[in-house]
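Asks: Sharing a structure, written as structure tokens. Questions coming.
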Amino acid sequence: MNTQAIGGMPEITYNFAYLDEQTKRMIRRAILKAIAIPGYQVPFAAREMPMPYGWGTGGVQVTAAVLGRDDVLKVIDQGADDTTNAVAIRGFFEKTAGVATTTSTTEATIIQTRHRVPETALGENQILVYQVPIPEPLRFLEPRETETRQLHALAEYGLMHVKLYEDIARHGHIATTYAYPVEVAGRYVMDPSPIPKFDNPKLDDCPALQLFGAGREKRIYAIPPHTKVRSLDFEDHPFRVQKFAKPCALCAATGVYLDEVILDDRGGRMFVCSDTDYCNTRQEAGHRGEMGVPAESASSDVMPGLNPGIHAVPPGHPVQGVDGRVKSGHDGVPVESGREGDAS
Amino acid sequence: MTEQPLLVAEGLSKNYGPRIGCRDVSLEVYPGEVLAVVGESGSGKSTLLGLLSTELDPSAGRVSYRMRDGRLADLASLGAAERRLLMRTDWGFVRQNPADGLRMAVSAGGNVGERLMAVGWRHYGNIREEALDWLGKVEIAGDRIDDDPRAFSGGMRQRLQIARNLVTRPRLVFMDEPTGGLDVSVQARLLDLIRQLVAELGLAVIIVTHDLAVARLLSHRMVVMRQGGVIETGLTDQVLDDPREPYTQLLVSSVLAA
């Protein structure tokens, strides 16, 4: 509960987690229905939230509805705890619900996410809340909502494969790399929100409850714990995830999703974990990548929970000065492309 | 004819408020038969086609279809799922405007393959091979398989639409003015192609046209409509050469001799 006196105005008070109790009940009913019918998009009366559409209004409403006073909340945006969206939403719930927040995946009981699934395996006591911009996987193939509902109702998903067919015909392989359609519990085809397809296998048989909220489109859907989630594909073009040629430049992790960070205008770049918590945890445990910070300087000048790769440039690699020249470090030798497309 | 009818319509009527779309139409279509529905604009041809293909709900009457297991089923009694399955496997619908029958943003191969994927084909290589085969049958060069229909001429689009419909080897195809809007030489080639495919595959076709030449070239039997009702039916040659009704006589005599 937040109270504040502004001048002579009455105190502003928020209900716990901003939404009123009736609204939360309504959202919970939608969530229960969504859990009962895995992958089915349940309509709900999404409210106006004090943030613009596209900033996670759907996810925020789902989080508000499932949040309890003892919960520990983590918010990530593209895997990072320290980007605008994540900071803003974390601050929002600190202010309106007063719940504990964390950047640690293992400590959190509710994780609201935009576009990533954490690298650390989730547990049974956790809920993962996705922010969804477009819940309808068939949207760009069939613009009529009445028709897509029919297609879902009758499980006519030939159209979804037309998209994959087009990918192969045009690019020689399935070029869809994010929002890759999945079939949930052998029935509904679902858009897993714009997570990289790298994360699709994590949805399958996940012990955590996964909830998806689309605020603008007013839809909620869910994957209950331990549900079969299959990425669609062709027999002769099976589903594959992205592969990376190099490990994380900061923590040397392999088999994780990496972000490309441009370092200068001479082709200098590094590939670092997109999951900042995972990367930091590994660095604290002493793992060092080729551009990693030496152990003693890593923890002193960088705030915990922030990715040193983005906020503090580690010594020993190039920094671009105002004049466009490399000022320090070795002479920006381009790192060969760390990311490899689909091997198809 | 000793065979049993494929499609039976009994007393079909459709009212649009006080206006009559279609009035008490009964007809039968047999396997492998081409039935032409002719008449002037506004005579209820397209309404009738809509009723037969269950795209419109009749105000009265019913349509029955012989399923693959030989049972004659009332289409209104089928569930939505069963009816849609029928439409995308056992039936085809070739529309006058190819943009209504094709996915214009999807490549030719995707357009032909869609029905295959809808009935469970999940092998890219096989789908592509089948699509190529069908493009060949409708005289579209194989190297156009990855072009989308927006890059096709009107005649090609219409042929692509035919391939897309025939790929699941339907038994009954509805055609609504398939040659409308095409120039005469393209029309002739398309008609030739339709005639050849119909004979090859033993398709039953219900073709709606205002063009008596199309009816004469393609159909075995024809139905003449006026003001929503059927005024004359019979073998095509018989109706065109020896029309009984004054209106049919007028229609036949109004065709310009080329």
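Asks: Would you please name the trypsin sites (Lys or Arg not before Pro) within segment B:70-101 that are DSSP coil residues with at most 14 other C-beta atoms within 10 Å of their C-beta?
Replies: B:Arg71
Asks: Long-range amide H contacts for A:Ile76: which residues qualify at under 5 Å (H placed 1.01 Å from N, peptide plane, sequence gap of 5 or more or a different chain)?
Replies: Residues meeting the criterion, in which the H sits 1.01 Å from N, are A:Gln112, A:Thr113, A:Arg114.
Asks: Same structure, new question: How high is the relative contact order of segment B:159-229, in percent, with contacts defined as C-alpha pairs under 8 Å that are six or more residues apart?
Replies: 37
Asks: Can you sort B:Ile194, A:Ile35, B:Ile231 so the residue with the fewest Cβ neighbours within 10 Å comes first?
Replies: Lowest to highest Cβ neighbour count: B:Ile231, A:Ile35, B:Ile194.
Asks: Once you charge only the Cβ atoms, +1 for Lys and Arg and -1 for Asp and Glu, what is the size of the charge dipole of the protein assembly as shown about its Cα centre, to the nearest 20 debye? Write out the running numbers ahead of the final one.
Replies: On the way: 65 positive and 77 negative charges, 208 e Å.
Around 1000 debye, computed over the protein assembly as shown.
Asks: Under a cut-off of 30 Å between alpha-carbon atoms, report the lysines in cross-link reach of A:Lys24, not counting same-chain residues fewer than 8 places apart.
Replies: Qualifying lysines at Cα under 30 Å: A:Lys33, A:Lys74, A:Lys95, A:Lys202, A:Lys218, A:Lys228.
Asks: Got the relative contact order for segment A:107-228 handy, in percent, Cα pairs under 8 Å and 6 or more residues apart?
Replies: Averaging sequence separation for qualifying contacts and normalising by length gives 32 percent for segment A:107-228.
Asks: For A:Tyr178, what residues show an amide H to amide H distance below 5 Å, using hydrogens built from the backbone and excluding near sequence neighbours?
Replies: A:Lys197
Asks: Whole angstrom only: what separates the Cα centroid of segment A:259-288 from the Cα centroid of segment B:184-205?
Replies: Segment A:259-288 and segment B:184-205 have Cα centres separated by 64 Å.
Asks: List the relative contact order of chain B as a percent without decimals, with contacts defined as Cα pairs under 8 Å and 6+ residues apart.
Replies: Details: 450 pairs, mean separation 68.9, N = 258.
This gives 27 percent for chain B.
Asks: Out of residues 5 or more away from A:Leu209 or on other chains, whose amide H comes under 5 Å of its own, with H placed 1.01 Å from N in the peptide plane?
Replies: A:Gln126, A:Leu128
Asks: Another question, if that's okay. How far is helix B:108-118 tilted off the main Cα axis of chain B, in degrees rounded to 10, range 0 to 90?
Replies: 80
Asks: Quick one: Cα centre-to-centre distance for segment B:120-150 and segment B:209-258, in angstrom?
Replies: Their Cα centres are 37 Å away from one another.
Asks: Whole-Hz Karplus ³J(HN,Hα) for segment A:104-114, in order, using 6.51 cos²θ - 1.76 cosθ + 1.60 and θ = phi - 60°, x for Gly and Pro?
Replies: 7, 5, 6, 7, 6, 9, 10, 10, 8, 9, 10
Asks: List, in order, the whole-Hz ³J(HN,Hα) value for each residue of segment B:157-163 obtained from phi through the Karplus relation with A = 6.51, B = -1.76, C = 1.60 and θ = phi - 60°; use x for Gly and Pro.
Replies: 4, 5, 5, 5, 4, 5, 4
Asks: May I ask you to evaluate 6.51 cos²θ - 1.76 cosθ + 1.60, the Karplus curve with θ = phi - 60°, for each residue of segment A:242-251 and list the ³J(HN,Hα) values in order in whole Hz, giving x for glycine and proline?
Replies: For segment A:242-251, the Karplus curve yields 5, 10, 10, 6, 10, x, 4, 5, 9, 10 Hz.
Asks: By counting other Cβ atoms within 10 Å of each Cβ, how are B:His220, A:His161 ranked from fewest to most? Before the final figure, lay out each step's value.
Replies: Details: B:His220 15, A:His161 25.
Ordered by Cβ neighbours within 10 Å, fewest first: B:His220, A:His161.
Asks: Projecting each Cα onto the charge dipole of the protein assembly as shown (Lys/Arg +1, Asp/Glu -1 at the beta carbon, about the Cα centre), which of B:Gln187, A:Tyr278, B:Trp134 comes out farthest on the positive side?
Replies: Value: B:Gln187.
Asks: Fewest first, what order do A:Ile127, A:Ile37 take by the number of other Cβ atoms within 10 Å?
Replies: Sorted ascending by nearby Cβ count, the order is A:Ile37, A:Ile127.
Asks: In whole angstrom, how far apart do the alpha carbon centroids of segment A:105-138 and segment A:15-86 sit?
Replies: Computed from Cα coordinates, the inter-centre distance equals 11 Å.
Any read-out appearing in this document is the output of simple, stated calculations on the displayed coordinates, not a laboratory observation. Quantities reported herein were computed from a predicted structural model and do not represent experimental measurements. All Cβ positions, glycine included, derive from the backbone under ideal geometry; neighbour counts span all protein chains shown.
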